[in-house]
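Remarks on the structure that follows.
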Amino acid sequence: MSEHSVTVVRLDSVLSAECEEIVVGVQELLLARGVIRLNDRRDALWQPSEWKPGPAARIAAVEPVDWFDAFLDTANNGVDIPDERHAYHPVENDEAPRCPRCAAGAPTTYTHCYGDWLEEWMTAGREPLFTCDRCGWSGLVGDWTGQFSVLIGAPAVTFHNWPPLSPAFTTDIRAALGGRTGIVASHW
Ligand SMILES: [Zn+2]
């Protein structure tokens with residue numbers, strides 16, 4: 001069975017105390033709206049996440065989907081809100097992001113040096129910067145446009161196998177995470 005996930009991740013680094021506060025704030029936001037509830041039957045293989053869909057999970061979706069009831073029965077429909085840094089990879093969705101000014105694809109260094117800049121970002125915490133070949137715009141990789149490119153950061157919120165999330169809902173999560181944020185839509 002194929003699976004998908006959507007992660008909203010904070011890109012700007014935070015001190016660990018502030019990180020915990022942000023995680024609690026995001027949890028409170030999602031609990032207050034009834035979008036999540038505590039997963040009282042965690043299982044490493046079946047339902048590994050700390051959170052599961054709450055009574056009002058539907059309000060998070062962009063529009064009503066006819067498979068929503070099936071989604072509620074999906075093996076892993078959990079929500080993770082980790083406070084440690086992770087690399088969020090789009091897996092089969094992987095594609096280079098686009099220039100926010102002229103929509104050209106990221107320069108060839110993005111693909112050719114992928115392993116190098118990714119490792120440096122992960123280990124040294126240095127988010128790479130790319131310059132557009134077409135228009136000369138320069139920006140950190142998280143400021144390029146797209147939802148199918150790897151991002152690294154913390155905290156984050158990952159929705160496993162949920163229906164498409166509404167833009168207003170993801171905007172609220174981004175605000176709760178604070179700083180610069182990005183979205184990674186994964187499929188595998
Ligand atoms: Zn450009």
message = Tell me the angle of helix 167-177 to the major Cα principal axis of the chain, expressed in degrees between 0 and 90 and rounded to the nearest ten.
response = 80
query = In deg cm²/dmol and to the nearest 500, what is the mean residue ellipticity at 222 nm of the chain if only DSSP H runs of at least 4 residues count, each as -39500 (n - 2.57), divided by the residue total?
reply = -8000 deg cm²/dmol
query = Between residue 62 and residue 17, 0.36 nm times their residue separation minus their Cα-Cα distance comes to what?
reply = 12.9 nm
Cβ-derived FRET efficiency at R0 25 Å, residue 113 paired with residue 84, nearest 0.05 = 0.45
remark   = Largest-first ranking of 15, 38, 31 by accessible area, probe 1.4 Å, whole protein assembly kept, is 15, 38, 31
note = If one compares the long axis through the Cα atoms of helix 16-32 with the longest principal axis of the Cα atoms of the chain, the angle in degrees, nearest 10, works out at 50
note = Most fluctuating of 97, 164, 64 in the GNM of the chain (C-alpha, under 10 Å) is 64
ask   = Unpartnered cysteines of the chain (Cβ-Cβ under 4.7 Å counts as a partner)?
value = 19, 113
note = Rounded to the nearest 10 Å², the accessible area of residue 73 using a 1.4 Å probe with every protein chain kept is 130
key: Rounded to 5, the percent of DSSP beta bridges in the chain classed as antiparallel   = 95
request  = Amide H neighbours of residue 181 under 5 Å, at least 5 residues apart or on other chains, H built in the peptide plane: list them.
outcome  = 11
ask   = How long is the gain from residue 75 to residue 92 if the chain were fully straight, where each residue apart is worth 0.36 nm and the alpha carbon distance is subtracted?
value = 4.1 nm
query = Which is farthest toward the positive dipole end of region 96-143 among 107, 124, 136, measuring Cα position about the Cα centre, with Cβ charges +1 (Lys, Arg) and -1 (Asp, Glu)?
reply = 136
ask   = GNM, the chain, Cα, under 10 Å: largest mean-square fluctuation among 167, 90, 48?
value = 167
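The values are calculated or read from the model by the stated rules, or taken from the named source; none is laboratory data. This one's a predicted model, so the numbers in the text were calculated from it and none came from an experiment. Using ideal geometry, Cβ is built from the backbone for each residue, glycine included, and neighbour counts are taken over all protein chains shown. Side chains included, ligands, DNA and RNA excluded: accessible areas come from the protein's heavy atoms. Shrake-Rupley method; radii C 1.70, N 1.55, O 1.52, S 1.80 Å.
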